[in-house]
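Structure, as structure tokens:
Since every read-out is calculated from the coordinates, none of them should be taken as a lab result. Quick caveat: nothing in here was measured; it's all calculated off a predicted structure. Cβ coordinates were reconstructed from backbone atoms using ideal geometry, including for glycine residues, and neighbour counts include every protein chain displayed.
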Amino acid sequence: MRSLRARLLVWTVGGMALLVAVFGVVVYGVMRQSLNRSFNASLAGVARTIGATVKQEGGQVEAEFDDREIPAFRHPKHPDYFELWGEGRRVVLRSTSLGQKDLEWREGDAGEPRFDDVRLPNGRDGRRVTLAFQVKADPEEQAKQGGPAPAPVTVTLAVGRETAPLKADLELLVRLLVSATAGAGLLALLVAAIVVRQGLAPLGALAGRIGAIREDNLATRIPLDGMPTEMEPIGRRLNDLLLRLEEVFRRERAFTADAAHELRTPLAGIRSTMEVALSRLRKPDEYQQALGDCLTITRQMQSMVDNLLALSRLEGGQTALQPEPVRLAELIEKCWSPLAAAVEARRIVRRFDVPADLVCMADRANLARVLSNLLANAADYTDDGGRIEIVAIAACDAVGLKISNTGCRLSPDEAAHVFERFWRGDSSRAATGVHCGLGLALVQRAVTAFGGTVDVGVAGGVFAVRVRLPAAKA
Amino acid sequence: MRVLVIEDYPPLQKAVAKGLREAGYAVDVTGDGEEGLWYATSNEYDVVVLDLMLPKMDGMTILKRLRAAGRACHVLILTAKDTLADRVHGLDAGADDYLVKPFAFEELLARVRALARRAYCIKNPRLEVGDLRIETPTQRVWRGKEEVRLTPREYALLEYLAMRAGQVVSRTDIWEHVYEFNSEADSNVVDVYIGYLRKKLERPGRPPLIRTVRGRGYALGEGP
């Protein structure tokens with residue numbers, strides 16, 4: 001049963017019905033006992049009345065009871081019956097209603113009335129009380145007659161009465177209780193339905209609110225005021241989720257906007273260069289110049305698109321990395337070679353201290369991309385006549401690589417942003433096109449994918465990137 | 001007409017400057033926000049073409065500072081930021097026009113022309129002074145029914161005078177609005193070019209088109 005409403009309804013109504021049923025059973029039991037008791041008491045009362053008229057006279061038992069005076073014994077259809085036995089089961093007296101029939105003889109317990117459910121002589125179900133008691137001779141009569149007092153005589157008296165009225169009463173009681181239970185159950189169902197509907201209304205309202213949230217209105221929050229206490233944690237969690245979602249969407253939108261900006265600007269460069277070049281007839285060298293400019297822009301765009309694609313594949317987990325042992329020194333030199341001439345021309349000093357036998361585990365192509373980005377950054381941001389240091393050491397199961405350069409103008413606070421996509425530091429040194437702020441973001445994603453770590457530090461104008469890569473297993 | 005281009009992406013800066021110069025504008029160029037603000041506040045530009053994401057100082061700050069300093073130059077924002085919010089924000093900060101990269105160069109030229117006209121409260125792209133007629137979009141000039149061929153520099157000078165027809169225009173004004181910041185020529189060049197224009201435009205037997213107002217400058221057409 002998946003519906004909360006159905007579950008609540010079933011449990012409350014079921015519980016109520018069970019409660020009412022138990023109550024009914026108890027009431028029935030108590031009432032039945034009480035009715036039985038008063039029936040028995042009435043039966044015993046009649047028996048005692050009759051018993052009080054029994055006398056012994058000279059060993060003879062007599063009863064001066066005339067049942068014609070009591071309406072219960074004269075009822076044409078459902079009369080009461082009685083029979084009195086003396087010593088040796090001799091019938092002393094029987095009710096008119098018995099005619100010549102007898103009540104079945106049963107032994108009575110001395111003193112205590114005994115009740116039995118029996119079939120009455122008229123063939124109906126009934127109950128009889130059997131009473132056994134001793135009858136003594138009347139002392140006054142005895143005194144008149146003289147002689148020794150005769151022994152007391154034990155007599156047995158039985159009074160029978162139909163139990164149909166009692167059964168009818170009990171049946172009525174059962175009917176009453178059953179209908180009361182059913183009525184209470186129905187009422188409970190109705191009340192529970194209303195209560196459950198009312199109680200679950202906030203859930204529906206919440207669902208409505210959540211349903212109305214689209215990606216363009218993520219700033220909406222679920223109002224917690226007036227929300228039931230039990231649902232408040234849900235509302236709060238949902239709001240937290242919305243906040244995180246909004247942040248992710250905001251970042252993605254910013255990323256898209258940034259990517260659009262970074263692609264549009266060079267596109268504008270190409271288009272304007274071409275349109276201006278084509279606006280009139282020119283000398284061949286002017287066309288050559290324009291084409292050269294376009295080619296430069298295209299190369300920058302290509303590198304950016306490559307980075308963007310690599311980044312998005314790394315983030316989307318689409319890059320199948322194939323870690324293999326890589327000689328770090330060798331790969332660094334390979335990535336450095338395209339930069340060497342320009343760096344030398346700017347009188348930048350390079351300190352290179354990477355042991356030739358240092359081997360780390362990484363995907364070669366992606367590690368080359370990482371190193372190229374880091375080295376190009378170092379080369380571009382170092383001031384003329386500055387210094388670049390490339391140092392690596394082996395540390396137990398890892399390889400630590402540090403690439404640092406002088407001429408850094410970032411504050412430590414700014415340096416914390418360098419791994420964000422499209423973030424640029426002092427943009428005066430990173431004009432559009434040359435660095436679009438993807439390099440370090442790519443480095444971080446790639447190194448993380450290799451199972452390494454990367455962090456940056458700024459101190460005294462020196463910018464240092466520390467990369468930790470898993471060492472190759474021996 | 002003098003235009004300042006503040007754009008940090010070198011290829012675009014180069015192309016825009018070249019295109020505007022070929023269209024007859026005196027163009028100053030910088031790729032640096034702070035330098036851009038300095039140029040814009042220390043010279044009389046008719047139009048400023050302004051990128052928003054710039055090194056050192058961003059375009060919006062430059063625009064706000066310019067407006068705060070009471071500069072009335074017409075500003076065209078040229079940016080890759082294309083959202084509605086960006087455009088509204090830019091225009092509300094005091095820009096006169098907004099063009100999103102990449103753009104058609106023709107459109108940039110047309111928008112710069114429109115802003116330049118607006119700088120002199122002119123709506124009609126065809127300027128007429130007596131029987132002199134100038135079509136600014138095509139940069140063609142007629143005297144009566146006869147078309148006059150002018151060099152770009154001569155045209156720029158004539159267009160400026162025509163924009164301010166009827167007024168006395170000082171040599172300094174001409175210098176400020178027709179020549180670039182880095183021009184090598186001295187202010188005599190104004191007189192030289194006025195001479196060229198007269199040679200091409202004046203017709204014997206007609207009243208002179210360009211008058212010299214002694215000690216104050218030049219005036220095109222009727223006026224004080």
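Among B:89, A:261, the ranking by other beta carbons within 10 Å of each residue's beta carbon, starting with the fewest, stands as B:89, A:261.
Restriction of the chymotrypsin sites (Phe, Trp or Tyr not before Pro) in the range A:100-194 to DSSP coil positions whose beta-carbon has at most 12 other beta-carbons within 10 angstrom yields no sites. For residue A:136, a cut-off of 20 angstrom between C-alpha atoms picks up these aspartates and glutamates, skipping any fewer than 8 places away in its own chain: A:57, A:62, A:64, A:83, A:87, A:107, A:109, A:112. Rounded to the nearest 10 degrees, the angle from helix A:439-450 to the longest Cα principal axis of chain A is 50 degrees. Computed extension gain for residue A:49 through residue A:368, at 0.36 nm per residue and net of the alpha carbon distance, reaches 102.8 nm. For the pair the range A:46-80 / the range A:181-208, the C-alpha centres are spaced 64 Å from each other.
Each residue, residue A:170 and residue A:318, gets one label point 7 Å from its Cα in the Cβ direction; the gap between the two is 8.3 nm.
Distance between the pseudo-spin-label points of residue A:6 and residue B:69 (7 Å out from Cα toward the beta carbon): 7.6 nm.
Taking the C-alpha atoms only, the angle from helix A:232-278 to the longest principal axis of chain A is near 20 degrees. The average projected area of the range B:2-119, computed from the convex hull of its Cα atoms over all directions, is 6.2 nm². By the count of other C-beta atoms within 10 Å, a proxy for reagent exposure, B:193, A:81 are ordered fewest to most as B:193, A:81. Estimated from helical segments only, the mean residue ellipticity of the protein assembly as shown at 222 nm is -16000 deg cm²/dmol, where each DSSP H run of four or more residues counts as -39500 (n - 2.57). Dipole magnitude for the range B:2-119: about 260 debye, using +1 per Lys or Arg Cβ and -1 per Asp or Glu Cβ, origin at the Cα centre. Take each residue in A:288-297, count the other chain C-beta atoms within 10 Å of its C-beta, and the mean is 2. Placing unit charges on the Cβ atoms only, positive for Lys and Arg and negative for Asp and Glu, gives the protein assembly as shown a dipole magnitude near 1900 debye about its Cα centre. Put simply, the amide H of residue A:63, placed in the peptide plane, has neighbours under 5 Å in A:55, leaving out anything fewer than 5 places away on its chain. Can you grab the distance from the C-alpha centre of the range B:144-160 to the C-alpha centre of the range A:214-243, Å, no decimals? Taking the Cα centre of each part, the range B:144-160 and the range A:214-243 sit 69 Å apart. Just want the answer: with Cβ charges of +1 for Lys and Arg and -1 for Asp and Glu, which residue in B:157, A:277, B:132 is farthest toward the dipole's positive end in the protein assembly as shown? Towards the positive end, the residue furthest out is B:132. Here the range A:229-313 is treated with +1 on each Lys and Arg Cβ and -1 on each Asp and Glu Cβ, and its dipole about the Cα centre works out to around 280 debye.
When the convex hull of its Cα atoms is viewed from all sides, chain B shows a mean projected area of 12.6 nm². Counted by Cβ distance under 15 Å from residue A:247, the other residues give a net charge of +1, where Lys and Arg count +1 and Asp and Glu count -1. Counting only lysines at least 8 places from residue B:200 when in the same chain, those with an alpha carbon closer than 30 Å to its own are A:283, B:18, B:123, B:145. Peptide B:20-28 has a mean of 1 when you count, residue by residue, the C-beta atoms of other protein chains within 10 Å of its C-beta. Counting only other chain Cβ atoms within 10 Å of each residue's Cβ, the peptide B:72-82 averages 2. Between the helical axis of A:4-52 and the dominant principal axis of chain A, each derived from Cα atoms, what acute angle in degrees is found, rounded to the nearest 10? Once rounded, one gets 10 degrees. In terms of surrounding Cβ atoms within a 10 Å radius of their Cβ, A:396, A:360, A:335 rank from fewest to most as A:396, A:335, A:360.
Annotation: lysines with alpha-carbon distance below 27 angstrom to residue A:77 (same-chain offsets under eight excluded): A:101, A:167.
For the residue pairs B:64/B:101; A:55/A:144; A:334/B:14; B:56/B:101, alpha carbon separations beyond 27 Å are given by A:334/B:14.
Of the residues A:408, A:207, A:263, the one whose Cα sits farthest toward the positive end of the charge dipole of chain A, with +1 on the Cβ of Lys and Arg and -1 on the Cβ of Asp and Glu, is A:263.
For the pair the range A:341-396 / the range A:115-164, the C-alpha centres are spaced 126 Å from each other.
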